[in-house]
Each structure stands twice: as structure tokens, then as C-alpha cells.
Amino acid sequence: MVRFGYTLMTEQSGPRALVRHAPLAERAGFDFEVMSDHFSPWLDAQGHSPYAWSVLGAVTQVTERVELMTYVTAPIMRYHPAVVAQKAATVALLSDGRFTLGLGAGENLNEHVVGRGWPPANVRHEMLSEAVDIIGALFDGGYVNHVGRHYRVDSAKLWDLPETRVPIAVAVSGAQSVGKFAPVADAMIATDPDAELTTGWERAGGGGRRIGQIPVCWDPDRDTAVQRAHEQFRWFAGGWKVNAELPGPAGFAAATRSVRREDVAAGIPCGPDVGGIVAAVSEFWKAGFTDIALVQVGGDRHQDGFLDCAEHELLPALREAAPDTV
């Protein structure tokens with residue numbers, strides 16, 4: 001059965017608001033919740049970026065049922081892989097096993113802050129692959145020593161591990177990353193409804209969930225929704241190959257200066273039309289995704305109405321339209 005998630009988007013809400021949204025989304029009926037892990041927002045208009053792991057700790061205590069996940073954490077520069085493993089194990093314990101560690105190769109926007117420069121994509125994938133190995137070894141228990149091309153680990157051990165090993169999901173964007181991570185990850189993450197990713201994942205030996213994400217901008221007034229989506233989410237039009245490279249909100253503002261409101265509305269369902277949102281989300285399950293997380297564009301003031309709509313209209317409509325199996 002296709003499962004539907006809610007995105008706790010750190011770039012558009014402060015920490016207290018995110019902790020308030022989490023149980024509301026659970027009560028609305030979402031199956032899981034994912035959280036972005038950023039140091040900076042994409043655009044100044046979004047205006048937030050609290051530390052995701054502190055917020056996750058609080059979210060574990062105000063929710064009971066929903067699965068939780070980072071979407072995604074980059075264990076390559078800003079965080080050492082050993083520290084990521086410790087954080088993930090702790091959140092898994094706090095949530096009684098409801099946590100999946102979502103990993104990716106990161107964006108310059110967040111990683112440049114530690115002053116180490118920004119490596120090319122092939123090097124970032126090498127770093128992520130080595131980081132996944134380190135994290136997995138720590139999840140297995142015992143002391144870990146590692147001397148690799150990018151990281152060293154000296155007698156590291158996780159003293160508090162959950163009984164069930166923390167699942168690792170890895171973000172992929174093409175055949176190269178699919179082939180590298182399908183054999184070692186428990187689940188796949190992607191942001192484009194691309195059937196080649198899901199079929200390639202299976203061919204490469206990958207199993208588990210295939211988790212996608214889609215932005216929507218629900219609002220009773222469509223014009224208001226389009227304006228808000230353009231103001232806060234026009235960065236999305238650049239695609240991930242561009243988005244991974246720009247260093248800050250000013251760069252995203254400059255790069256998207258020519259993006260029009262109608263361009264954003266063509267890529268993000270805007271307004272009160274539940275059928276339009278269902279049609280957009282359906283592209284993911286048609287492409288073989290098992291789990292789809294929705295991002296409601298807009299900060300604290302725009303979540304309550306969306307969650308009410310999700311509970312009474314959107315989620316029932318999505319579940320009626322989705323296939324029983326993918």
C-alpha cells in the first residue's frame with residue numbers, strides 16, 4: 001500500500017512551530033514524517049533553519065505512531081559519519097524504533113559553512129559511500145577503527161543502540177548513484193518521479209521502500225497560493241544538479257530571478273483543488289514509489305489549514321486513488 005508523509009521543513013518554520021506541527025500531522029492521518037537537515041534556507045523569504053536533530057528529539061516526544069526520517073542528512077563535511085551514527089541511534093531510541101536515517105551527498109548551501117570548499121559530485125559520492133560504511137559498522141555494534149580516503153575513525157563505539165538496527169535510506173539521482181547505493185541501503189530516496197530510478201534500484205539489488213517527496217501549496221485562494229509558492233519555492237525550478245552547487249540564498253535568488261509565477265504553478269500544484277494535488281502525487285506511485293512525502297509550502301501560518309484539508313479531504317482522496325501495491 002502506498003504511504004503518505006508530511007514534511008517538517010526546517011527552512012520555512014522555527015523549531016517550536018515544527019514541534020507543534022508534528023503531532024497535528026500525526027492526528028491528521030499521515031503515515032510518516034520527514035525532516036530536512038539544513039544550515040540555511042534556500043531563499044531569504046523562507047527565513048528559518050533550526051538544528052534538525054534537536055527538533056527531532058523533541059518530535060519523538062510529542063508523536064506516538066508516525067515513522068520519522070531525515071530527508072536528508074549529509075554525513076560528508078558538516079557532520080562526521082561517526083557523529084551522525086550516534087545521533088541516529090539516539091533518535092531511534094527516543095522514538096521507540098520509529099526512525100529511518102535518510103542520507104545524501106549534500107548541497108553547497110549547507111556544507112560550505114565549515115570552510116572546506118565544495119568537492120565535485122563524484123568525490124561527494126565517494127565520501128557518502130565511505131560514510132555509509134562507517135555508519136553501518138557502528139550500527140553493528142562494537143568498536144570501529146577506520147582509515148579511508150576521506151575519513152578516519154579511532155576506536156569509536158555507540159554505547160546506546162536500539163535493539164533493531166536503524167534503517168538507512170540513501171538519496172539517488174541517476175544510474176551511477178543507484179548502482180553504488182542500492183546494494184548497501186535499506187531504502188531509496190529521490191525527489192523526481194522517475195521510473196528509471198526505481199527499476200534501476202531493483203536491478204541493482206536494492207529493496208525496501210522507495211521514498212519520494214513533492215511540494216504542494218494548498219490555500220483556499222489559488223492566486224495567493226501561486227504567489228506564495230513563487231516567493232518561497234521558486235528555487236525548486238533549478239533541479240538538483242544546480243541546487244547542489246549554489247552557495248547561499250543570494251545565489252538562489254539571483255539564479256531564479258527570471259522564474260515566473262506561472263512557471264512555478266506549472267510544477268507545483270497550487271490552490272484548493274485536491275484533485276490537482278492527487279494527480280501530481282500519482283506520478284510518484286506510477287513511477288514505482290511506495291512512500292510519498294508532501295511539503296506544504298509556507299511557514300507556520302499555512303500549515304493548520306492544510307492539515308485540516310489533509311485529514312478530511314486530501315488523504316482520503318489519495319488513498320482512494322492509490323494502488324494497493326506498487
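The values are calculated or read from the model by the stated rules, or taken from the named source; none is laboratory data. None of these values were measured; they are calculated from a predicted model. As a convention, Cβ positions derive from the backbone with ideal geometry for all residues, glycine included, and neighbour counts pool all protein chains shown. Keep in mind that these areas ignore ligands, DNA and RNA; they rest on the heavy atoms of the full protein, side chains included. Shrake-Rupley method; radii C 1.70, N 1.55, O 1.52, S 1.80 Å.
Could you pull out the trypsin sites (Lys or Arg not before Pro) across the stretch 124-184 that fall in loop regions by DSSP (anything but H, G, I, E, B) with no more than 10 other Cβ atoms inside 10 Å?
In loop regions of the stretch 124-184 (DSSP not H, G, I, E or B), the sparsely surrounded trypsin sites (Lys or Arg not before Pro) are 149.
Label zone of residue 27 (point 7 Å out along Cα→Cβ, amide N under 18 Å): in the stretch 41-62 this covers 59-62.
Remark: spin-label model distance residue 114-residue 261 equals 4.2 nm, labels positioned 7 Å along the Cα→Cβ axis. Rounded to the nearest 500, the 222 nm mean residue ellipticity of the chain from helices alone is -12000 deg cm²/dmol, with -39,500 (n - 2.57) taken per DSSP H run of at least 4 residues.
Taking only the C-alpha atoms of the stretch 57-108, the Rg (one decimal) and the largest Cα-Cα distance, Dmax (whole number), read 11.5, 35 Å. In straight-distance terms, cross-link reach from residue 180 covers every one of the lysines whose alpha-carbon lies under 20 Å from its own, apart from those fewer than eight places away in the same chain; here that gives 241.
Full-extension gain between residue 279 and residue 304, please, as 0.36 nm times their residue separation minus the C-alpha to C-alpha distance.
Gain in length upon complete extension: 6.7 nm.
Computing the accessible area with a 1.4 Å probe over protein heavy atoms, can you report the carbon and sulfur percentage for the stretch 65-113?
52 percent
Accessible surface computed residue by residue for the chain, with neighbouring protein chains in place and a 1.4 Å probe, gives 42 Å² per residue.
The stretch between residue 254 and residue 140 holds 36.5 nm of extra length on full extension. This uses 0.36 nm per residue minus the Cα-Cα distance. Using a 1.4 Å probe on the protein chains only, how many percent of the accessible area of the stretch 227-326 belongs to carbon and sulfur? Its accessible area is 52 percent carbon and sulfur atoms.
Distant-in-sequence amide contacts of residue 33, defined by a placed amide H-H separation under 5 Å and a gap of 5 or more residues or a different chain, comprise 6, 67, 68, 69.
Here is the list for the stretch 134-192: chymotrypsin sites (Phe, Trp or Tyr not before Pro) lying in DSSP coil, each with at most 16 other C-beta atoms within 10 angstrom of its C-beta, are 143, 159. Entry note: the stretch 190-326 has Rg to Rh equal to 0.99, where both radii use alpha-carbon atoms and Rh is the Kirkwood radius.
Give the Debye-formula value of log10 I(q)/I(0) at each listed q (0.13, 0.20, 0.22 Å⁻¹), with one equal scatterer per alpha carbon of the stretch 5-120, two decimals each. One equal scatterer on each Cα of the stretch 5-120 leads to -0.48, -1.07, -1.25. The HN-Hα couplings worked out from phi for the stretch 71-77 by the Karplus form 6.51 cos²θ - 1.76 cosθ + 1.60 (θ = phi - 60°) are 9, 9, 9, 9, x, 10, 9 Hz, whole numbers, x standing for Gly and Pro. Here the extension length gained between residue 16 and residue 147 equals 43.2 nm, from 0.36 nm per residue of separation less the Cα-Cα distance.
Counting only Cα atoms, the stretch 134-184 measures 36, 29, 13 Å along its principal axes, largest extent leading.
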